[in-house]
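This report concerns only the one structure given below.
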Amino acid sequence: MSSGAAKATLAIALSLLSAGALRAIAIEAVAERSFTADDLTTLREYLDGRERTGRRTYYRSDAANRAGLYLITDLDTPLSQLPKDASFVLDYIASDDSAVKTLSFPIAAGDGNFGKAAYIGLTGPQFDDVRLVAWRLVIADAAGNTLAQARSFLWEMPGK
């Protein structure tokens, strides 16, 4: 490779790195927490009726219902910097059924400020009193390629 071609390749690689295009995305932590609708209602909302997300970005399986079980997901990258066509894909086994089920949440469809945390909610009447036995959370691009992944300990167990 000529000196000029090597410099051009190096310049392109450095610009991609500085733009974050080659940087890996990581899910740093995931915590499960149940919320009631009242838990997620602020004082201002009582006054004007508009939902206030504060510093949270919500993804809900039933957008009309807030109450449910949430996977609070901390990322190393702001949601606004993830690929626009990416999605959270949640595979789970619930306490009421041993079959693996899947939910998908387009990242661009979140409600909130698009910081580094995502509140992924299993909401609606079908999730009342349901616990997750095992789960796997994937951030996938439009082609289905895995960009990041986290899973519960029990997801790894044989015979799930």
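The table below lists the values:
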read-out: Alpha carbon Rg of region 26-156, scaled by the compact-globule rule 2.2 N^0.38 Å; value: 1.04
read-out: Cleavage-rule hits (trypsin sites (Lys or Arg not before Pro)) in region 75-126: DSSP loop, at most 15 neighbouring Cβ within 10 angstrom; value: Lys84
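Every number in this text was worked out from the coordinates using simple rules, so none of it is lab data. The shown structure was predicted, so the numbers you read here are calculated from the model rather than taken from an experiment. FYI the Cβ positions are ideal-geometry reconstructions off the backbone, even for glycines, and counts take in every protein chain you see.
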